[in-house]
Amino acid sequence: MSLTSTATEDRPEEGTTSTTGALVEFRGLRRAFGPTVALDGLDLTARPGELLALLGPSGCGKTTALRVLAGFEQPDSGEVLVDGEDITRVPANRRDAGMVFQSYSLFPHLNARDNVAFGLRVRKVSAAERRARAAELLDLVGLPEHGDRYPHQMSGGQQQRVALARALALRPRVLLLDEPLSALDAKVRLTLREEIRRLQLSLGITTIFVTHDQEEALSMADRVAVLNAGRLEQCAPPAELYERPATAFVAEFVGTMNRLAGRLTDGGQVEVAGVTLPVDGELPASREVEVLIRPENITATADPAGTATVVSASFFGSVTRVLLDLPGGGSVKSDVPSRDAGELVPGVRATVEPARRPVLVVPAPGSGA
Amino acid sequence: MAALTPTAAPAPGGTPRRARDPKAVRVRARRRPRVWRGAVLALAGLYFLVPLLSSFVFTVHTPGQGVSFAAYTGILSAEGFTRSLLLSLGLAAATILLALLLAVPALVGVRLGAPRLRPLVEIVCMLPLVVPPIALVTGVTTVLRWGPDHLSRTPLYQTFLAVQNESFPVVLVLAYTVLALPFVYRSLDAGLRAVDVPTLVEAARNCGASRLYVILRVILPNLRSSLAGASFLTLALVLGEYTIASLLGFRPFAVWIVSVSGAQARMSVAVSLLSLLITWALLLLLSRAGTRAASATPAPPAPSGTSASLTSPASGKE
């Protein structure tokens, strides 16, 4: 498409020539709303041109971090830097950041074209130029025919596209996306997700994307920052986050995780479900531990002599997730290729075996560590 | 609003008639509410129309002398008519301006900056509803009497006189603003509820707009119909207000009508009827101005898109 050409094409206004993305740094951000601490010393850096997803449960401070960057919240302490320049005290309307909001935020009294051109109008750009730029942006977000439509005449997905065009109209150095897809239905969400990513890559704009949907974060972002209780748990590329979670919180928040009772051996390994596995990361002080294993790293096979019992099986397409009861109490989830899952019906006996690869361990809840 | 109800009513009743042909049993069950609806409508219509018609007959028909429109033709030349009407319209304009200038910044400010103050603002704005005008006027009279007595040596004395200037009594504007506040509040509050003010403000700020620009170019345009509603209610209130004006000794329109009724009963009723029509006409005009903003927005795309023309009438209703 014409995405790349429009990105680098004529830029009539001077001063906003930074085509390459900006470096965004949060330094020791703290923000409390009364007794609730939204940000508790957040340190985070978004590299130029990358799409950084802020992921976390609700109330973890991800939206607050974004709003601090947009200038809608003032931090109690700490600072925000864009390209090394401290913008913490710059008012919201003078920050070079375009934002797409979670709720539909188009101006209801303006049509799509005027919505996109709103910021240009504020800056007193000439009418002809505004029109041209708005048309170019509507084209960019795939709505060239919708310039005359008013917000109430557009679907949610179309409204968010226009909002995206509006956010890009002033050629901001940073693009802020505050759960822009959460109000949309599943199918639109998927296509728009891909389009945002494609657009972001072609424009090379540093983008910070807030979401509570881990699938969204993992599929779109260059790096994902997992936040919990106002602090950064881990910031890593999606694959690393999934394969090598730094903390138990990340391990359980991203993807599905089994917690199995295990016991550390003298050799620094762990005994779990009848096998001995190497330990990844730090060893806890106590010997009684819980071992974190993903369902796809556990194989379950039907076996009359097995000790586990199948409780349920859910078909997910290529894999079937089987829930099994273990003899010592507790249960385990196992992802079995669907073609091998035919015998694993509820009530059947089965053997369960973790894959032989390093595992993450945490102290067992009752071990006093 | 009034124009929409009759068009909306036949639609639900009309469609089942075509659909129900095969099942004759259900027909009777469905017709009953339609009969009731007609009866209620007729009763309500009679309730409003009979007095109006009798008034009209009274103004044009004199027993024994036949029909004459003298009561109407004499209005314009009647002493005090133009002056009192212009005074009322002027008072209404000033009241609308003052009430909106008070209420709009207060309501927008509360929504953006201090949501906790909202119940307080609501109570203050609704308070005039429970204060009878007669109590209000007693208070005003007391202040007007007390002021000059105690402030006769200060410049404020002149203020007290100016406020009671016969040709444009500012004190009435002040009193009417208080009376109008509940209606203005209700109308604006409904308008503000319909838009997500904080998000729109943030979106506009994000586009580089200053606070004033946001209020003028984003908030007010979206409040247009509720501003029109507030203005109309205030206008109707000021045109019909009698108690305060009369007790304070001023002669706006309503007071004038009552005062001529003694000498020229026919003309007084004729003027009442006319003022009703004038109020309706103004109402229509203002609500047009309000809805045009809303319906003008969907209108332009209608010719180009087929789906747009289908959606616009539906959305115009809201």
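Residue separation of A:Glu252 and A:Asp43 scaled by 0.36 nm, minus their Cα-Cα distance, works out to 73.0 nm of gained length.
Zone of A:Asp340 (label point 7 Å along Cα→Cβ, backbone N under 15 Å): which residues in segment A:289-304? Under cut-off, by backbone N: A:295-303. For chain A, the longest principal axis of the alpha carbon atoms and the long axis of helix A:127-140 meet at an angle near 20°.
Calculate, in whole percent, how much of the Cα-Cα pair population of segment A:220-352 lies beyond 25 Å.
On the way: 3166 of 8778 pairs.
Every Cα pair in segment A:220-352 considered, those over 25 Å come to 36 percent.
Within the listed set A:Thr191, A:Thr63, A:Thr88, the Gaussian network model of chain A (springs between alpha-carbon atoms below 10 Å) gives the highest mean-square fluctuation for A:Thr191. For segment B:51-144, the Cα gyration tensor yields ellipsoid semi-axes of 44, 16, 16 Å (square root of five times each eigenvalue, largest first, whole Å).
Among A:Ala167, A:Ala229, A:Ala186, the largest mean-square fluctuation in a Gaussian network model of chain A (Cα springs under 10 Å) belongs to A:Ala186. Over the C-alpha trace of segment A:296-369, radius of gyration and Dmax come out as 13.4, 43 angstrom.
Of B:Phe168, B:Phe250, the residue with the largest accessible area leads and the full order is B:Phe168, B:Phe250 (1.4 Å probe). Could you let me know the centre-to-centre spacing of segment B:65-121 and segment B:170-230, using Cα atoms, in angstrom? So the two Cα centres are separated by 18 Å.
Computed over chain A with a Gaussian network model linking Cα atoms closer than 10 Å, the most mobile of A:Arg223, A:Arg95, A:Arg357 is A:Arg357. Is any residue of segment B:228-248 close enough, with backbone N under 15 Å, to a label point placed 7 angstrom from the Cα of B:Ala265 along the Cα-Cβ axis, and if so, which? Counting backbone N atoms under 15 Å from the label point, the list is empty. Taking only the Cα atoms of chain A, the radius of gyration and Dmax are 24.7, 80 Å.
If the segment from A:Arg94 to A:Glu25 were pulled out straight at 0.36 nm per residue, it would be longer than the present Cα-Cα gap by 23.0 nm.
Projecting label points 7 angstrom from Cα along Cα→Cβ for A:Glu288 and B:Ile278 puts them 9.1 nm apart. Averaging 1/r over each pair of different alpha-carbon atoms in the protein assembly as shown and inverting the result gives 31.8 Å, the Kirkwood hydrodynamic radius.
The values are calculated or read from the model by the stated rules, or taken from the named source; none is laboratory data. Worth saying up front: this structure is predicted, and the values here are computed from it rather than measured. Here Cβ is always computed from backbone atoms with ideal geometry, including for glycine, and neighbour counts include all displayed protein chains. Protein only, heavy atoms only, side chains kept; ligands, DNA and RNA dropped before computing areas. Shrake-Rupley method; radii C 1.70, N 1.55, O 1.52, S 1.80 Å.
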